[in-house]
1. If I ignore ligands, DNA and RNA and count only protein heavy atoms, how much of LYS334 is accessible to a 1.4 Å probe, in Å² to the nearest 10?
2. For a quick check of understanding: with a 1.4 angstrom probe and all protein chains in place, what accessible area in square angstrom does LYS84 have, to the nearest ten?
3. Using a Debye calculation, one point per C-alpha and no hydration shell, please list log10 I(q)/I(0) for the stretch 217-328 at q = 0.19, 0.21 Å⁻¹ in order.
4. Measure off 7 Å from each Cα along the Cα-to-Cβ vector at ALA50 and GLU312, then give the distance between these two points in nanometres to one decimal.
5. Estimate the FRET efficiency between ASP199 and THR43 by the formula 1/(1 + (r/R0)^6), using the beta-carbon distance for r and 22 Å for R0, to the nearest 0.05.
6. Past 22 Å, Cα to Cα: identify those pairs from LYS63/LYS446; LYS255/LYS334; LYS255/LYS328; LYS121/LYS480; LYS40/LYS84, in the order given.
7. Distance between Cα centroids, the stretch 357-399 to the stretch 458-475: provide it in whole Å.
8. Using the beta-carbon distance between ARG340 and ALA469 and R0 = 51 Å, what value does 1/(1 + (r/R0)^6) give for FRET efficiency, to the nearest 0.05?
Amino acid sequence: MVMVGLLKQAEDTHGFHRSSSNPDSGENAVLTVIHELQSKLGTRVVTNLAVREQHGNTVTWVKAEPPDAVAFPDSTQEVSDIVKLCAARRVPVIAFGTGTSLEGHVNAPLGGICLDLSQMKRVIAVHAEDLDCVIEPGNTRKELNEHLRDQGLFFPIDPGADASIGGMVATRASGTNAVRYGTMKDCVLALTVVLPNGDIVKTAQRAKKSSAGYDLTHLFIGAEGTLGIITEITLRLHGIPEAISAGVCQFPSVKAACDAVIATIQTGIPVARIELLDQMQVRALNLFSKLDLPESPMLLLEFHGSDASVQEQADRFGEIAADHGCGKFEWATKPEDRTRLWQARHDAHWSVRALRPGANSISTDVCVPISRLAECVEETQRDIMEMGLLAPIVGHVGDGNFHCLPLVDTNNADEVAKVQEFIDRLVARAIAMNGTCTGEHGVGQKKMKYLETEHGAPALELMRTLKRAIDPLNIMNPGKVVAV
Ligand SMILES: Cc1cc2nc3c(=O)[nH]c(=O)nc-3n(C[C@H](O)[C@H](O)[C@H](O)COP(=O)(O)OP(=O)(O)OC[C@H]3O[C@@H](n4cnc5c(N)ncnc54)[C@H](O)[C@@H]3O)c2cc1C
């Protein structure tokens, strides 16, 4: 049976209003669209509860809000046709990659149709000579790298999860490599997007740079599916480095580790990865990934380049680390040791649950200018202690970006309130330091409330103006990023 979300909420807190004079609104509208989609896509439209639940939020404490149906389109034209059907009846459309976003991004608070893009996995072209490729959004980052490896190329952005490239564009994701290779905003050359009225636009050509008009590409990067559905992506690629070396080093305190990071970045060492793990996070990794790392604050590093340049970078970093009280700098020279170490780092989100079995882990991220990093992390650690929380810290600190992973019993209202207060304070601290409420995870539902403090009312109003202009019916992922 179809559970219809639209009817439940004729006018709701997310600012979505439907005309009561429209006889085809609400439940009728959704049912009509589902029938139309079924006759068009057949079994590629699914309404069973288990599948719908998999397409609401599943990874964090944000309450799941499943869509009314899930459609699996196969091409840009099909996406356009589906969006036109939804627009005709003002039915919400929520894009879905792999569902690993952390702030309730894929929830359907007003019901509607989830567009699962996982079947759009074509690699349309790889232009090795231009270092770019054109792909469909359902490719995951690991699938893409598998495809590219034989040509000596790789795509560097690596969020902990094996996310879809479409989802990564839509959340402006990054990961451990961003300090060297940038974030999704630096790696996308052009997009094909289906607009809320079904029109198909191409935002740019493949040229590495362009001054031709408004930068439409970057309008859609980080828009979280609120302005359109991305159906084709032109990505910038990199050559696989000739030499890679990775290592770990322990520090007497988180402040000493952060100060070493700040000095490394300020000195201009082109480090490829520089990740902070506090003592609690190291303990979690030891438990979860069966490692035996010394349990003290730690930096995990990687250098890319020629043999000589990697050696030089490592030597220069070694001197800085020693100046900040680093113990032994241990190298992971074998590729399998490196993979094990970085996989453990990528599993940080799940590993913290080993510290408190049965608890839910929340992953929240902020980012500050690098010069404020040590201060922000130290103050946050003090807050964690004073509030009596268990909240490991881990982060892409080369960018000033770190994550806190508070553990919470979601059945305990007092604990939930305390963790929410902690996150509010963390965000306020980062914004007060000229930072941001999220460096990479995005806004979704849970971080909407911080945007006005961060950007100011006029900038937020400009975002609303853009949303209203592009999506006047508010059908694209309503209730996310900005309320209109
Ligand atoms: C263990 C773990 C570790 C993580 N580590 C990181 C990290 O290091 N860095 C980081 O940045 N993030 C991280 N994340 C968060 C998450 O992986 C990223 O936000 C990722 O980019 C989401 O991709 P997805 O395919 O899962 O997107 P989804 O969750 O499916 O969707 C995310 C948003 O994008 C929209 N969307 C999806 N596809 C499209 C499309 N084709 N067109 C338009 N809109 C679309 C959706 O509507 C939604 O609003 C982590 C998550 C987990 C669970």
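The values are calculated or read from the model by the stated rules, or taken from the named source; none is laboratory data. No experiment lies behind these values; they were computed from the predicted model shown. Using ideal geometry, Cβ is built from the backbone for each residue, glycine included, and neighbour counts are taken over all protein chains shown. Areas reflect the complete protein model, heavy atoms only, side chains present, ligands, DNA and RNA absent. Shrake-Rupley method; radii C 1.70, N 1.55, O 1.52, S 1.80 Å.
1. The value for LYS334 is about 110 Å².
2. The accessible area of LYS84 comes to roughly 100 Å².
3. Results for the stretch 217-328 at q = 0.19, 0.21 Å⁻¹ read -0.94, -1.02.
4. Calculated label separation equals 5.8 nm.
5. Values: r = 28 Å, r/R0 = 1.27.
Efficiency, rounded to the nearest 0.05: 0.20.
6. Working: LYS63/LYS446 11 Å; LYS255/LYS334 30 Å; LYS255/LYS328 18 Å; LYS121/LYS480 26 Å; LYS40/LYS84 13 Å.
Among LYS63/LYS446; LYS255/LYS334; LYS255/LYS328; LYS121/LYS480; LYS40/LYS84, the Cα-Cα distance tops 22 Å for LYS255/LYS334; LYS121/LYS480.
7. Here the two parts' Cα centres lie 33 Å apart.
8. 0.55
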